[in-house]
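> I have a structure here, written as structure tokens, and I will follow up with some questions on it.
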2 protein chains.
Amino acid sequence: MFDAAIPPASARERIAARGGRVTRTRLVVLELLQCSEHPLSHDEIGDALAAAGVAHDRVTLYRTLDWLVEQGLARRIAGGERAWRFEAVRDAAHRHAHFHCDRCGQVVCLEGLEPAPATGLPSGFHVDRAELVLHGSCAACGLGSEAGRVR
Amino acid sequence: MFDAAIPPASARERIAARGGRVTRTRLVVLELLQCSEHPLSHDEIGDALAAAGVAHDRVTLYRTLDWLVEQGLARRIAGGERAWRFEAVRDAAHRHAHFHCDRCGQVVCLEGLEPAPATGLPSGFHVDRAELVLHGSCAACGLGSEAGRVR
DNA sequence: GCACCAAATGCTACAATGTTGCAAGACGAC
DNA sequence: GTCGTCTTGCAACATTGTAGCATTTGGTGC
Ligand SMILES: [Mn+2]
Ligand SMILES: [Mn+2]
Ligand SMILES: [Zn+2]
Ligand SMILES: [Zn+2]
């Protein structure tokens, strides 16, 4: 679960600094996101909480994730499926694209790839942010048969 | 509903050419997509069918849209919300980006903006297609208050 | 025009994902 | 330790999409 790539860099302070109460769920979820290399779905996070022995309610987790996003501590990513994925915000200024494997559903961050700036859009339109998602097959899934394809 | 921009360019033949049966629903839905300037949601299409006096079932509409996508006559777009949007495929080779208004939820096609080709992604990864969605506020919604913001 | 049959539809039930309202519990200031 | 407010848990609901199956219908051959 905790991919142990990046050290948990005080999630506790980051939560408290926003004026939020440091609850077990917020703490564990934020640490989990900070340590994960991939954006995680609500479900994956729920499973990790269960595995870590942290009791929780589905709704509480939704609200926890909403709160982290509101506070700028996490980001919501659209993925190719119907569920959101979440990742910790490491650098608020730096955005990156994502790759969605249409075979296994895995989403990976493309740190090197920044969505190109908008050009030539109709006047009166104002762009806040760009979301770039590449679709295809990941290294693990290869180019093999179409079987098992995710919608 | 029918924005009357592009003439209905025989939807009937396009359907028959794929070996599909020309049913009232397929015909009206494809014509609707071909005439619309914006990608439409399932709901919007359903409303248009009702307005046109075409009886239909929710499930039939889902299946009709799936069929049109399978046949390459329509494309499914992720939008920023949880429901797919659909647009007629005019030129299979030409892809374009979309703009999603976070205020009103409207999606508009950015014909001039093609997602940049993928570079520097991990080896073993294969890209089928790129989806680029710009988020912000449209001309109609302006830059005003945050009130009424769509998630 | 008519019979036939695979393809398409309508219906019901279900699955997945997310939201709302409200009472009970817990964080943390004092 | 008390207390007020923020957070949680629970139940009910909303939205979006699927699956199974009996019925209807478009198109083909006559
Ligand atoms: Mn990422
Ligand atoms: Mn478009
Ligand atoms: Zn994969
Ligand atoms: Zn708008």
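The values are calculated or read from the model by the stated rules, or taken from the named source; none is laboratory data. The model shown is predicted, which means the values in this text are computed figures rather than measured ones. Reconstructed Cβ throughout: ideal geometry from the backbone, glycine too, with neighbour counts over all protein chains shown. With ligands, DNA and RNA removed, areas are computed over all heavy atoms of the protein, side chains included. Shrake-Rupley method; radii C 1.70, N 1.55, O 1.52, S 1.80 Å.
> Relative contact order for chain B: what is it in percent, counting Cα pairs under 8 Å that are at least 6 residues apart?
On the way: 199 pairs, mean separation 28.3, N = 151.
It rounds to 19 percent for chain B.
> Let me know the charge dipole size of chain B about its Cα centre in debye, to the nearest 20, where only the beta-carbon of Lys, Arg (+1) and Asp, Glu (-1) is charged. Present the calculation step by step, with values, prior to reporting the outcome.
Numbers: 18 positive and 19 negative charges, 85 e Å.
It works out to roughly 400 debye.
> Using a Förster distance of 51 Å, how high is the FRET efficiency between B:Asp43 and A:Ser10, based on the Cβ-Cβ distance and rounded to 0.05? Mind showing how you got there, number by number?
Working: r = 45 Å, r/R0 = 0.88.
So, using R0 = 51 Å, E works out to roughly 0.70.
> In segment A:13-55, which GluC sites (Glu not before Pro) fall in coil by DSSP and have 15 or fewer other Cβ atoms within 10 Å?
Numbers: sites: A:Glu13, A:Glu31, A:Glu37, A:Glu44; in loops: A:Glu37.
Here the sparse-neighbourhood loop sites are A:Glu37.
> Using a cut-off of under 20 Å, list every residue of segment A:72-105 whose amide N is near the label point 7 Å from the Cα of A:Val127 along the Cα-to-beta-carbon line.
A:76-79, A:92-99
> Any idea how far apart B:Arg76 and B:Ala17 come out in nm if each label point goes 7 Å out from Cα toward Cβ?
2.4
> Find, among the trypsin sites (Lys or Arg not before Pro) in segment B:45-86, those assigned to loop by DSSP (not H, G, I, E, B) with at most 15 other beta-carbon atoms within 10 angstrom. Intermediate values should be presented prior to the final figure.
On the way: sites: B:Arg58, B:Arg63, B:Arg75, B:Arg76, B:Arg82, B:Arg85; in loops: B:Arg82.
Those satisfying the criteria are B:Arg82.
> Could you please report the charge total around B:Ile15, scoring K, R as +1 and D, E as -1 over all other residues with beta-carbon less than 13 angstrom from its beta-carbon? Let's see the in-between values first.
Working: positive: B:Arg12, B:Arg14, B:Arg18, B:Arg21, B:Arg24, B:Arg26; negative: B:Glu13, B:Glu31, B:Glu70.
With Lys, Arg at +1 and Asp, Glu at -1, the neighbours total +3.
> Just to confirm the numbers: B:Thr23, label point 7 angstrom along the Cα-Cβ line, distances to the other copies in nm, shortest first?
4.7
> Another one. How big is the dipole moment of segment A:1-90 about its Cα centre under a simple scheme where the beta carbon of each Lys and Arg is +1, that of each Asp and Glu is -1, and everything else is neutral? Debye, nearest 20, please. Present the calculation step by step, with values, prior to reporting the outcome.
Values: 13 positive and 12 negative charges, 82 e Å.
The dipole of segment A:1-90 has a size of about 400 debye.
> Which one, A:Leu110, A:Ala83, A:His96, is farthest towards the positive end of the dipole of chain A when Lys and Arg carry +1 and Asp and Glu -1 on their Cβ?
A:Ala83
> To the nearest 10 square angstrom, what accessible area does A:Cys109 show with a 1.4 Å probe?
Counting only protein heavy atoms, A:Cys109 exposes about 30 Å² to solvent.
> Find how much the distance from A:Val54 to A:Arg24 grows on full extension, using 0.36 nm per residue of separation minus their present alpha carbon separation; answer in nm with one decimal.
Numbers: separation 30, 0.36 × 30 = 10.80 nm, distance 0.76 nm.
So the extension gain works out to 10.0 nm.
> May I pose another question? Any idea of the accessible area per residue across the protein assembly as shown, 1.4 Å probe, to the nearest Å²?
Values: 15650 Å² over 302 residues.
On a per-residue basis, 52 Å².
> Here is a further query. Dipole size in debye (nearest 20) for the protein assembly as shown around its Cα centre, Lys and Arg Cβ +1, Asp and Glu Cβ -1? All intermediate terms of the calculation are to be shown ahead of the outcome.
Values: 36 positive and 38 negative charges, 104 e Å.
Result for the protein assembly as shown is approximately 500 debye, rounded to the nearest 20.
> Here is a further query. Which value in Å does the Kirkwood hydrodynamic radius of the protein assembly as shown take, with 1/r averaged over all unlike C-alpha pairs and then inverted?
Numbers: mean 1/r = 0.0469 Å⁻¹.
Roughly 21.3 Å, rounded to one decimal.
> Which Cα, out of A:Leu49, A:Leu32, A:Ala16, lies furthest along the positive dipole direction of segment A:1-90 (beta carbon charges, K/R +1, D/E -1)?
A:Ala16
> Determine, at each q value in 0.09, 0.20 (inverse angstroms), the log₁₀ of I(q)/I(0) that the Debye formula gives when each Cα of chain B is one equal point scatterer.
Treating every Cα as an identical point scatterer, log10 I(q)/I(0) equals -0.33, -1.30.
> Something else about it: Could you please state how large a percent of the accessible area of the protein assembly as shown is carbon and sulfur, counting protein chains only and using a 1.4 Å probe? Write out the running numbers ahead of the final one.
Working: 8050 of 15650 Å².
Carbon with sulfur: 51 percent of the solvent-accessible area.
> Partner chain Cβ atoms within 10 Å, averaged over the residues of B:129-142 - can you pull that number for me?
Values: counts 5, 8, 9, 9, 7, 12, 7, 8, 5, 5, 6, 2, 3, 3.
Average per residue, whole number: 6.
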